[in-house]
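Read-outs: derived from the displayed coordinates by stated rules, not from any lab. Every value quoted in this text rests on a predicted model; they were computed, and no experiment measured them. Note: ideal-geometry Cβ built from the backbone for every residue, glycine included; neighbour counts use all protein chains shown.
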Amino acid sequence: MTGLRAKQKADRNRRILEAAASLFREVGYDSARIEDIAERAEVSVGTFYNYYQNKGDILVATVSMEVEEVLASGNDIVENPPATTHDALQALIDQYFDHSLVYLSKEMWRTAMAISIQQPDSPFSRRYTELDRRLCEQVSTLVQKLQLRGAVMPGIDAIAVGQMAFNNLNMMFLEFIKDDAMTLDALKQRVARQNRPLATLISSPEIR
């Protein structure tokens, strides 16, 4: 029975998150009401408050769900990356970008980032920073893996290179969510172009 209750609780939580994400997309974060989220998730308002105190909690949970899924997908690329440094970096970064709008719209990302900046000591901001750190570590792990395979030159600070690549993709993602007209393909093409000289500089000559 304990396992069944846990499964039912997880299912309700998932329904609440998916209902909130879809409603945020349709009417905007500010206009979405908790009563409407609960109705769409087929739970009572009281049940909603058993899981989340407010919409901000829902937003950080949605961000967490998105990042946890993209980290899991990224692990497959890190474990078996493409042969060249540029292709490997781009495969991982494209995975991040392709998943970025599954649960969150650009408007939702802007709201999440604004909250994390405006309330730097809040649990939301700390969680957001932790998720960013884990993504950055995954990029660095990929560069370390490529170095062990001989694709990246020995002596290169793989962790620092990963941090540089992540900082750039993060900055470009910020530009992407600020510009409603920019497409995912345009974002990926720009970042691929920016990563190419970096990949060339750190790659072993025989694998460039």
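Brief remarks on what is shown
- Cα gyration tensor shape for the stretch 22-82, rounded if a/c is under 1.5, else prolate or oblate: prolate
- Cα gyration tensor shape for the stretch 1-52, rounded if a/c is under 1.5, else prolate or oblate: prolate
- Angle in degrees between helix 106-118 and the longest Cα principal axis of the chain, rounded to the nearest 10: 90
- Pairs from the list LYS9/LYS55; LYS7/LYS55; LYS9/LYS178; LYS7/LYS188; LYS9/LYS106; LYS55/LYS188 with a Cα-Cα gap above 26 Å: LYS9/LYS178; LYS7/LYS188; LYS9/LYS106; LYS55/LYS188.
- The charge dipole of the stretch 109-208, taken about its Cα centre with unit charges on the Cβ of Lys, Arg, Asp and Glu (plus for the first two, minus for the last two), comes to roughly 200 debye.
- Taking amide H positions as modeled 1.01 Å from N, with prolines and chain starts lacking one, the residues under 5 Å from SER203 and 5 or more places away or on another chain are MET153.
- Packing-based exposure ordering (other Cβ within 10 Å, fewest first) of PHE24, PHE124: PHE124, PHE24
- The stretch 8-81, dipole about Cα centre (Lys/Arg Cβ +1, Asp/Glu Cβ -1), debye to the nearest 20: 260
- Sorted fewest first by neighbouring Cβ atoms within 10 angstrom, SER105, SER31 come out as SER31, SER105.
- All Cα pairs of the chain, percent lying beyond 25 Å: 45
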